[in-house]
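Okay, structure first, notes after.
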Amino acid sequence: MGVLSGIRVVEFEAIGPAPFGTMLLADMGADVVRIDRPVAASDLGPKFEGQRKDITGRNRSSVTLDLKRPESVTAALELIERADVLIEGFRPGTMERLGLGPDVVLARNPRLVYARMTGWGQTGPLAERAGHDLNYIALSGVLSAIGPAGGRPVPPLNLVGDYGGGGMLLAMGVLAALVNVQRGGVGQVVDAAMTEGAAQLGSVIWGLLAGGHWNEQRGSNLLDGGAPWYDTYETRDGQHMSIGPIESRFYAQMLEILGLANADLPGQHDRSGWPRLREAFTSAFLSRTREQWAEAFDGSDACVAPVLGFAEAAQHPHSLARGSFIEVDGVVQPVPAPRFLTTPSTPPRPAPQRGEHGGDALRDWGFDAPTIERLRELGLGFKV
């Protein structure tokens with residue numbers, strides 16, 4: 001069940017942002033059948049075959065096809081004809097070469113939302129070049145702002161390109177196109193490019209830059225660690241606290257709890273005094289452990305929080321109270337989000353093995369026994 005219950009999605013096996021975007025749809029109740037390769041491709045990276053722990057692959061069924069065989073393409077088309085959404089993450093032109101490009105597919109299923117996830121986009125001089133998250137956010141301008149003053153740009157994991165600017169953008173595009181179809185519109189191609197998604201995530205920075213409120217020198221601005229009151233500080237036990245009291249009333253609370261309310265310090269927005277403020281905050285936080293500071297700031301509006309590891313985050317009292325994490329087959333993972341109070345998402349199912357539950361999925365999609373057998377003869381592989 002879920003808010004997208006009844007929406008059928010055909011997903012072509014990929015890595016990174018396309019599976020993440022599909023996971024968001026599947027978490028909301030979409031019925032996803034993933035077309036996997038018969039065996040893992042060596043260039044896909046570790047996929048935890050055998051005991052698959054790929055969280056972004058959860059809530060699917062799987063069938064296998066060797067799309068280099070013409071008869072397998074015929075089988076794929078029969079699945080796609082019954083789908084509302086197709087999601088692929090190949091390089092531009094790959095689906096066309098397989099005989100599964102938008103022109104062919106939309107002619108057979110005019111209401112289909114054909115979603116394409118790439119780094120550079122479907123067009124442009126870089127479209128067919130290889131790349132990864134870091135390359136895409138580098139070209140978007142965003143990476144230039146991430147890192148310490150006087151240092152090099154630092155990779156922000158692969159969250160900005162692959163997942164924020166990629167998978168989430170893809171899912172939003174799919175949902176918007178589905179709304180358009182349900183209002184009487186036709187199916188269409190969704191061209192989701194991580195370079196453009198990452199740039200969109202930086203929209204507020206583009207606005208600050210245009211208004212003269214952002215300096216392109218790393219580590220010298222309000223939100224990039226330049227401000228001493230928007231940064232992280234080491235504690236006595238080698239852990240860290242995050243602080244972000246931008247508003248003056250929250251800043252005053254932080255100074256009070258740090259024991260600096262009556263200290264002779266520069267004003268919050270006096271940039272010339274920021275080095276002195278940083279020294280004072282550094283010294284203060286080193287006087288206690290992270291746990292002691294977390295307890296001291298508990299219940300305040302000082303905008304201070306401990307920096308937790310992944311395992312710690314799942315056990316934080318707030319996470320436990322909301323049930324923000326769940327264990328599925330021994331794997332701790334975030335629960336589906338956002339939450340829908342009337343049509344809540346069901347607990348996640350683990351990522352399928354290749355072909356797992358594919359037979360059930362075909363029956364759920366309305367294929368009768370003779371058709372299923374014919375699809376098997378065309379190369380479709382599946383398990384019950």
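Bear in mind these aren't lab numbers, they're just calculated from the coordinates by the rules spelled out. Worth saying up front: this structure is predicted, and the values here are computed from it rather than measured. With ideal geometry, Cβ positions are generated from the backbone for all residues, glycine too; neighbour counts draw on all protein chains shown.
Computed from the mean reciprocal separation of all distinct C-alpha pairs, what Kirkwood hydrodynamic radius does the range 106-166 have, in Å?
Result for the range 106-166 stands at 13.5 Å.
One chain, two ends: residue 316 and residue 232. Fully extended at 0.36 nm per residue, the span grows by 28.3 nm beyond their Cα-Cα distance. For residue 205, neighbours were defined as the other residues whose beta-carbon sits under 10 Å from its Cβ, and their charges (Lys and Arg +1, Asp and Glu -1) total -2. Over the chain, dividing the summed -39,500 (n - 2.57) contributions of all DSSP H runs of at least 4 residues by the number of residues returns a 222 nm mean residue ellipticity of -9500 deg cm²/dmol.
Using only the Cα atoms of the range 74-187, each taken as one equal point scatterer with no solvent, compute I(q) by the Debye sum, divide by I(0), and report log10 of the ratio at q = 0.10, 0.16, 0.19 Å⁻¹. Evaluating at q = 0.10, 0.16, 0.19 Å⁻¹ gives log10 I(q)/I(0) of -0.39, -0.82, -1.03. Mind checking which of 99, 164, 316 is farthest towards the positive end of the chain's charge dipole, using Cβ charges of +1 (Lys, Arg) and -1 (Asp, Glu) about the Cα centre? Selected residue: 99.
Each principal axis of the Cα cloud of the chain was taken in turn, and the coordinate range along them, longest first, works out to 83, 45, 43 Å.
Which one, 233, 269, 307, projects farthest toward the positive side of the charge dipole computed for the range 231-320 from Cβ point charges (K/R +1, D/E -1)? Of the listed residues, the answer is 269.
Each 10 Å bin from 0 upward holds the following percent of the Cα-Cα pairs of the range 1-131: 12, 43, 37, 8, 0. Just checking the listed ones, 307, 190, 142: in the Gaussian network model of the chain with Cα springs under 10 Å, the one fluctuating most is 307. Express the Stokes-Einstein translational diffusion coefficient of the range 131-238 in µm² s⁻¹, to the nearest whole number, given a Kirkwood radius over alpha-carbon pairs, 20 °C and a viscosity of 1.002 mPa s. The Stokes-Einstein estimate is 136 µm²/s.
Under a model in which nothing but the beta-carbon of Lys, Arg (+1) and Asp, Glu (-1) is charged, the chain shows a dipole of about 500 debye around its Cα centre. Sorting the segments 23-35, 356-368 by their residues' average number of neighbouring beta-carbon atoms within 10 angstrom, most packed first, yields 23-35, 356-368.
Whole-percent P(r), the range 231-320, all Cα pairs, 10 Å bins from 0: 16, 51, 27, 6, 0.
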